[in-house]
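Chemist: The structure's right below; bear with me while I get my questions together.
Since every read-out is calculated from the coordinates, none of them should be taken as a lab result. Values in this document were obtained by computation on a predicted structure and should not be read as measured data. Using ideal geometry, Cβ is built from the backbone for each residue, glycine included, and neighbour counts are taken over all protein chains shown.
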Amino acid sequence: MRYLSSNVKATTATYLRRQMSDEYVKLAKEHSYRARSAFKLIEMDDRYHFLKPGKVVVDVGAAPGSWSQVSASRLRLPQEKASYLLSIDLQERKINVLLSDMAPNPTGDSNTDHLRLLNLCRLLLNMTKPPNSIFPLDDGAVFICKIWNGVETKDFIKEMKATFKKVTLFKPTACRESSAEMYVIGVK
């Protein structure tokens, strides 16, 4: 039998209380979204209008799936729940929207967590670069990556500006005020 320290129990209790009273958790449940993060993408799309029918959208690190749910809805894709198929062969097509709400498991050290998340974003950014890009971006493509604000944010923005015509930092209202979470949006 494992025993949790009182500190772990208190942290878990605090988390559960916060989740139970969170308006976006309640809204996600009400709208059948898998996570509150759906409302972050909805707010970004309402502002920047990048999810449109006919667009090629890739959601990287898609678990738990709320961003994929929002994308499918906004792209007006059929909502079949019985089957799943993942097949990627872009042929000559390029990606119009590349989404990443992924994050490494937090260590508890904010600086380490910030750097680890930026490394994920950098890996994804490098996968968009020719000549051997895994995710070839079309002209005007939108790249959205979650970051935790920290000491290297400005350096990462500079890296983004070398690839994208326009780069914006955006913190949706669905992000908790106490969180360093924000999104970098690049437009090619």
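Chemist: If Rh is defined by the Kirkwood formula over all Cα pairs and Rg also comes from Cα, what ratio Rg/Rh do you get for segment 88-128?
Modeler: Values: Rg = 13.7 Å, Rh = 12.1 Å.
A ratio of 1.13.
Chemist: May I ask you to list the GluC sites (Glu not before Pro) in segment 136-178 that are in a DSSP loop and have at most 12 other Cβ atoms within 10 Å of their Cβ?
Modeler: On the way: sites: E152, E159, E177; in loops: E152, E177.
Hits after loop and neighbour filter: E177.
Chemist: Turning to a different aspect of this structure: Once you have the alpha carbon radius of gyration of segment 64-188, what is it after dividing by 2.2 N^0.38 Å, with N set to its residue count?
Modeler: 1.14
Chemist: By DSSP, what percent of the beta bridges with both residues in segment 29-188 are antiparallel, rounded to the nearest 5?
Modeler: 55 percent
Chemist: A further question on this structure: Evaluate E = 1/(1 + (r/R0)^6) for E152 and S73, where r is the Cβ-Cβ distance and R0 equals 30 Å; express this FRET efficiency to the nearest 0.05. It would help to have the intermediate numbers written out before the result.
Modeler: On the way: r = 34 Å, r/R0 = 1.14.
For R0 = 30 Å, the calculated efficiency reads 0.30.
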